[in-house]
Number of protein chains: 2
Amino acid sequence: MNKENKLIPGLPSGFEDRWDKKLLLKKKLLTVIENNFIKYGAEPLETPSFEISENIGSFIAEDEANPMSDVFSFKDGDKSITLRYDLSSPLARFVAQNNQELPSIYKRYAIQNVFRNEKAGNGRYREFLQADFDIVGNVNSSQANAELCNLISATLLECGLKRDQFTINVSNRKIVQGLLDELQITEKKQLKVIRAIDKLDKPGFGIKGVEDLLRKERKDTSGAITKGADLNDKQVSKILDYLKIKDLNELKQNLKNPLSQEGIKELEDFIEVLGYGLNLDQVKTNFTIVRGLAYYSDFIVETNLNFKVTNNKGKEVDIGSICSGGAYAKLISRFKGVDIPGTGISFGVDRLLFALMQLDQFQLDEQKPVLVCVMDQKYLKNYYEILDLLRQNNINSEIFLDTKKNLGKQLTFANKRQLPVAVICGENEFKDNTVTIKNLKGVKGENNKTIPMKDLIDEVKKFI
Amino acid sequence: MNKENKLIPGLPSGFEDRWDKKLLLKKKLLTVIENNFIKYGAEPLETPSFEISENIGSFIAEDEANPMSDVFSFKDGDKSITLRYDLSSPLARFVAQNNQELPSIYKRYAIQNVFRNEKAGNGRYREFLQADFDIVGNVNSSQANAELCNLISATLLECGLKRDQFTINVSNRKIVQGLLDELQITEKKQLKVIRAIDKLDKPGFGIKGVEDLLRKERKDTSGAITKGADLNDKQVSKILDYLKIKDLNELKQNLKNPLSQEGIKELEDFIEVLGYGLNLDQVKTNFTIVRGLAYYSDFIVETNLNFKVTNNKGKEVDIGSICSGGAYAKLISRFKGVDIPGTGISFGVDRLLFALMQLDQFQLDEQKPVLVCVMDQKYLKNYYEILDLLRQNNINSEIFLDTKKNLGKQLTFANKRQLPVAVICGENEFKDNTVTIKNLKGVKGENNKTIPMKDLIDEVKKFI
């Protein structure tokens, strides 16, 4: 290959490499989340990245004319296959397929990447990790949904968040659904209305943005126009009135239709069960949350942080929900032969990590290796003996791999990698059966120590 | 949705769901592998599933006319993006891109899925997990490659394999490369020859299969024809002679060309350094291994199990290599501005797991939850107090979620899920401040025990 033909390394837009501190913290966060999922009784499930397109469809596309415009689909023989865009649709397919073998109440967790073929930017990625916990089966929904909220709270507390740093907002989709039915808004327009309300807390939206989307159209600051739901004045004003109500009792007085009343009753029952646990104060009813996904049927939840985070451009931003979900009565029954409801939550791992990294409450446990330096090629066998001794005692360790470098360069390398300890031995040490260890994090000039070989393990352990 | 429109749940061919024991064992295996990667001094790296197609290409396609026929590619604006088919190509792209920030000797591990758009079947999946460890930089290659073999051995031993149950086969690609050059085989034909040799140990191949592929064509048992490398008689016979040589000294006498001699010398140096460690007996030279991937330049390694495994059809099969790799001098320098070699290995996690599951040497540590039964709705608050107590003591636990079921149905559920313990409390217990626990794995009729509430945690711990 000549020089002109050489490639320029880079990634497609909307994708990111992860390494170093950021990845180590992510791994630690995943361990916390996974341990809590297990603690709450869930079993792991892993489904493939690809599904048959029609089996998972897309519940997120905003473009009606092209409902699969936001997913990655491939032609596969006479079928079409699609990379999953969430973990709920594959769960529904899996449960429908394996229903007979699963316990009557099936609690699974899944921690996997999802793919969205959307425009990237502003911290939005086209591949990102979700961590989901779901309860599938004909259960007491108050109990099941209270479990979800208890799990969210327990997990976030274990991540180092304090109780006043997050709020779990809950509502019941039946409440707003009852209102939409009452206002005789056509089914086709209803999802548009739900998505308009869902945008209320998005930057630059607010009540005016929602109103524009309920009416004919919304023009954003860039001049781009989004088509609205085209509701009439009465419909718009009733919905805006609804969004102003904060109190469950006031809501009960205002919405007299049976479906809204049913939703309110379910929310009250949920709050009662939640009160038996430790997290009642973390949870607030909030009737402006609706969740944009079409499959939610009743209980819905969004978890928000009560502090602002600073984005990469140094600007304070509201990071949005870090753990959301809800109940889906019909998602699984799209498949033949099953009629089982489910309810679940999904942690947005990257978002949560982004917020946690700004707080300094979530610390890294580093496990960097001890470096065995190679001072003299003729002692290579001895260096390997030291290396094996360290590893047999379960101490992460490595031998310097480029025998042409002097000690200075080896230590520069160790410092660049922030290694904790170097083992440095030459003729004197091997003659006396001793070993010199250097504490690389210590005070300059005072960190070399020559000790009997038999003390190596104990001494090294002091510095790692 | 009416009944006729309902979907039939299923997966595209070549993809699989994982759950239950198999997934739990896989997770345990990954922990063992990852801990050894860290122990040997590597840092984690996570690259996205998609790469710009030209940056990773495909080094596996057998179809010359369509070199990207075996990967999943997707049009993305004016670019093409491809799901990674291995973890070495993304590593090369990453190192080329971030070279300035990385340490001069960069050891990274990556545990991620790869995608191959091949015909599925016989345990071959189109998405599978690889676990890679690589050393990138201008290092002493004998030391670096010895580290790889030490790591393979340490990891497999920790998986429960005994020393006589696996062999790490090594060779040096320069040896066969020297021979091909000497025989004046054109560059275009060389990769075909390498791939023909690589198939030697595949079921149904053997020396005759290789010979056919070196000549005009090979017809397999189904009658399908594969085009061969079309070598002349002398070239074929020299290559077949080479494949019969087992001994390094004999090889040294037979192959006098400078490149083969260089490869032999590198192998000898590697063996010397390997001898300083604990795994010399695990490693054997084997000149019939060549590795089919085009980018290997010198050291190559394949790890084989010394026992047969039984496939899903009850037939004994040779499962092939469970950990392979080698050195790639030029993979990274395909990119502008870098000229760094690398060497690495890749564990085939699914294959290794498949073999381990047949041995019974790799055991599962289950962490199933304790079940708090709901005997009477009016004590729900008390049940939640017990649940919180268990969880606060870090005991995995759950409350039964369907309050309409009697105790018998709750215990049936617990048994189906193989839960270890049920907590069963009614009026008597709450009056006396006691609690009844049932050991679900104990002898029938002798497993109920009513104890003071304060002893709950200690007693439950005995059974989990």
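Every number here is computed from the coordinates shown, using simple stated rules; none is lab data. Quick caveat: nothing in here was measured; it's all calculated off a predicted structure. Ideal geometry is used to build each Cβ from the backbone, glycine not excepted, and the neighbour counts take in all protein chains shown.
Under the rule of -39500 (n - 2.57) per DSSP H run of 4 or more residues, summed and divided by the residues of chain A, what mean residue ellipticity at 222 nm is obtained, to the nearest 500 deg cm²/dmol?
Here the helix-only value at 222 nm equals -11000 deg cm²/dmol.
Cα convex hull, the protein assembly as shown: 202 Å³ per residue, rounded to a whole number. Other residues whose C-beta falls under 10 angstrom from the C-beta of B:N439 contribute a net charge of +2, scoring Lys and Arg +1 and Asp and Glu -1. Taken about its Cα centre, the protein assembly as shown carries a charge dipole of roughly 580 debye when the Cβ of each Lys and Arg holds +1 and the Cβ of each Asp and Glu holds -1.
Look at the Cα gyration tensor of segment A:370-461: its axes a ≥ b ≥ c give a/c under 1.5, and that counts as rounded. Only the Cβ atoms of Lys and Arg (+1) and of Asp and Glu (-1) were treated as charged; on that basis the dipole of segment B:370-461 about its Cα centre amounts to roughly 400 debye.
Its residues counted as N, segment A:191-299 yields a C-alpha radius of gyration over 2.2 N^0.38 Å of 1.21. By the equivalent-ellipsoid construction on the alpha carbon gyration tensor, chain B comes out with semi-axes of 53, 25, 23 Å, ordered largest to smallest. When DSSP beta bridges are restricted to pairs lying wholly in chain A, around 85% turn out antiparallel.
Its Cα centre serving as origin, chain B has a Cβ charge dipole (Lys and Arg +1, Asp and Glu -1) of approximately 1340 debye. Sorted from nearest, the other copies put their A:L248 label points 7.6 nm away, the label point being 7 Å from Cα in the direction of Cβ. Counting charges near A:N145 (Lys, Arg +1; Asp, Glu -1) among other residues having Cβ under 14 Å from its Cβ returns a value of -4.
Near A:F37: Cβ cut-off under 14 Å, other residues only, Lys/Arg at +1 and Asp/Glu at -1. The net charge is -2. Please list, by residue number, every one of the trypsin sites (Lys or Arg not before Pro) in segment B:263-331 that is coil in DSSP and has at most 10 other beta-carbon atoms within 10 Å. In loop regions of segment B:263-331 (DSSP not H, G, I, E or B), the sparsely surrounded trypsin sites (Lys or Arg not before Pro) are B:K313, B:K315.
Measuring between their Cα centroids, segment A:91-168 and segment B:411-446 lie 29 Å from each other.
Classified by the C-alpha gyration tensor, segment B:111-182 has an oblate form. Its axis ratio a/c, with a ≥ b ≥ c, is 1.5 or above, and a/b does not exceed b/c.
Seen against the Cα atoms of chain A and their longest principal axis, helix A:258-276 is set at about 40 degrees. Sparsely packed loop sites in segment B:129-211 (the trypsin sites (Lys or Arg not before Pro) outside DSSP H, G, I, E and B with at most 15 other Cβ atoms within 10 Å) comprise B:K162. Put the Cα centre of segment B:270-331 next to the Cα centre of segment B:1-49 and the gap is 25 Å. With its label point defined 7 Å out from Cα along the Cα-to-Cβ axis, A:N433 lies at 6.2 nm from the matching points of the other copies, in increasing order.
For B:E182, the label point sits 7 Å beyond Cα toward Cβ; its separations from the matching points on the remaining copies run 9.1 nm, from shortest to longest. Checking the a/c ratio against 1.5 first, then a/b against b/c, what shape does the Cα gyration tensor give for segment A:1-99? Because a/c hits 1.5 or more and a/b fails to exceed b/c, segment A:1-99 counts as oblate.
Quote the relative contact order of chain B in percent (integer), defining contacts as alpha-carbon pairs under 8 Å separated by 6+ residues. Don't jump to the answer; show the numbers that get you there.
Numbers: 727 pairs, mean separation 67.3, N = 464.
Reported as a whole number, the value is 15 percent.
The mean number of Cβ atoms from other chains found within 10 Å of a Cβ in peptide B:264-273 is 1, as a whole number. So how tilted is helix B:380-392 from the main axis of chain B? Cα-based, degrees 0 to 90, rounded to 10. For helix B:380-392, the angle is close to 40 degrees.
Partner shielding of A:212-224 amounts to 0, given as the average count of beta-carbon atoms from other chains within 10 Å of each residue beta-carbon.
For segment A:11-87, GluC sites (Glu not before Pro) meeting the loop criterion (DSSP other than H, G, I, E, B) and having at most 11 other Cβ atoms within 10 Å: A:E64.
Inter-label distance, A:A65 to B:N394: 5.9 nm, where each label sits 7 Å from its Cα along the C-beta direction. Remark: A:T434, B:T450, B:T155, A:T288 ranked as B:T450, A:T434, A:T288, B:T155, counting other beta-carbon atoms within 10 Å and listing the fewest first. Shielding value for B:99-112 is 3, the average number of Cβ atoms from other chains within 10 Å of each residue's Cβ. Computed from Cα positions, the angle between helix B:187-198 and the longest principal axis of chain B comes to roughly 50 degrees.
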